[in-house]
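Taken together, the values in this text are just the output of simple stated rules run on the coordinates, not laboratory data. A quick note: this is a predicted structure, and the numbers were derived from the prediction, not measured. So basically every Cβ, Gly included, is an ideal-geometry build from the backbone, and we count neighbours across all protein chains shown.
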Amino acid sequence: MEAWLKKSAGPGVQRATVDKPTIDDDDVLVEVKAASICGTDVHIYEWDQWAAGRIKPPLIVGHEMSGEIIKVGKRVSHLKVGDTVSAETHIVDRTCLQCLTGREHICRNMTILGVDRAGVFAEYVSLPAHNAWKNDPNLDPRVAAIQEPLGNAVQTLLPIGNTEDIAGRNVAVIGMGPIGLMAVAVAKELGAAKVFATAGGRNKTRMQLAKKMGADRVFSAREEGREAIVAAIRDATDGDGVDVAAEMSGHPDGLVTCFEALTAGGRVGLLGVFPKPFEVDLNRLMIFKAATIYGISGRLMYRTWYQVRGLLSRPSFRKKVSQVITHTLPIKDAIEGFDLIIKKQAAKVALTPDW
């Protein structure tokens with residue numbers, strides 16, 4: 001089959017002909033009908049410090065997908081050939097302390113699709129049946145493929161153990177990558193009072209999309225600066241700041257913005273992947289502010305998937321969030337998709353199975 005590989009350490013990916021995957025008794029074989037490029041894929045493509053320390057080439061990249069099951073393992077009974085599915089990308093052992101206590105999403109021995117094992121930028125992918133989420137067959141394959149990052153947005157706003165509601169609260173989403181854009185749409189759908197969004201630079205495409213997702217105000221971090229943004233947010237919230245902040249930029253300045261804009265006793269969800277360590281003033285920003293902080297690793301298995309299904313069942317939300325997919329390309333042109341994202345000319349790039 002055809003696939004996009006990280007063949008060796010260094011920037012880029014390469015197209016290659018590889019063996020079609022086989023499946024075990026508890027697996028399913030899926031023909032990929034749509035895939036999409038994620039920020040993690042861009043980290044791998046550019047080969048930053050995080051990628052260099054984590055990825056072990058050769059590896060088929062990509063993890064966001066939807067497809068059709070073409071073969072099921074002998075012990076699989078809840079899925080059948082012809083079912084349309086998406087992938088929960090965290091492959092878990094189901095035996096460790098975390099898995100046995102309802103925390104599969106942070107399995108001690110987790111491997112990740114397209115990061116630790118063969119990914120989905122290929123004609124076919126093998127999945128544990130446990131990780132195949134059955135879709136409504138009428139759902140657009142491109143939208144079905146972005147349920148995984150949409151789940152990240154939901155989990156960042158509604159993290160495990162949290163009993164607070166978004167409704168009526170002020171929210172800041174820092175970073176207008178695709179997941180940040182989705183988070184804006186989710187916050188508004190859940191009844192947030194005001195949603196403030198920040199984009200990292202002069203990315204007019206994503207700033208315009210943030211408004212379409214429902215942001216009450218969109219800031220350019222580069223043009224306006226952190227101090228001005230925080231002051232504007234506090235001014236718009238009677239001096240209080242936001243109740244909930246979602247860090248999705250993966251930039252140190254974005255993290256500081258989250259906490260400076262946060263009201264005392266507020267909460268922050270940290271999803272952005274930072275390319276390298278950095279210093280931060282814990283006393284001022286977190287401890288004395290009595291902030292509640294959630295590190296977000298994927299989605300809850302499978303509460304978040306049910307929440308995403310509920311959101312996508314609403315035609316207005318489905319129509320809104322689908323606008324995050326700004327480009328659709330044949331997968332043979334995946335390099336063009338990476339280039340569009342790196343040049344900040346696209347939000348989410350969907351890939352169709354045209355090799």
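A few comments on the model shown:
- Remark: 198, 156 ranked as 156, 198, counting other beta-carbon atoms within 10 Å and listing the fewest first.
- In the chain, the DSSP-assigned H stretches of four residues or longer account for a calculated mean residue ellipticity at 222 nm of -8000 deg cm²/dmol, using -39500 (n - 2.57) per stretch and the full residue count as denominator.
- Proximal aspartates and glutamates to residue 74, defined as alpha-carbon separation beneath 15 angstrom and excluding residues fewer than eight positions away on the same chain: 24, 25, 26, 27
- Rounded to the nearest 20, the size of the Cβ-charge dipole of region 158-295 about its Cα centre is 480 debye, with Lys and Arg at +1 and Asp and Glu at -1.
- Dipole orientation for region 102-216: of the candidates 143, 181, 105, 181 has the Cα lying most toward the positive pole (charges on Cβ; Lys, Arg +1; Asp, Glu -1).
- Residue order, fewest to most surrounding Cβ atoms within 10 angstrom, among 305, 4, 133, 50: 50, 305, 133, 4
- Dipole axis of region 158-295 (+1 Lys, Arg; -1 Asp, Glu on Cβ), positive-most option in 245, 218, 288: 218
- Arranged from fewest to most other beta-carbon atoms within 10 Å of their beta carbon, 207, 65 become 207, 65.
- Here the chain is assigned +1 on the Cβ of each Lys and Arg and -1 on the Cβ of each Asp and Glu. Its dipole about the Cα centre then comes out at about 360 debye.
- Computed over region 285-355, the percent of Cα pairs more than 17 Å apart is 66.
- Too-long pairs where the Cα-Cα distance tops 24 Å, listed order kept, from 6/212; 134/348; 134/320: 6/212
- When you count the other C-beta atoms within 10 angstrom of each residue and take the mean per peptide, 28-35, 343-350, 331-338 line up highest first as 28-35, 343-350, 331-338.
- Of interest is the spacing of the C-alpha centroids, which for region 110-175 and region 18-32 amounts to 21 Å.
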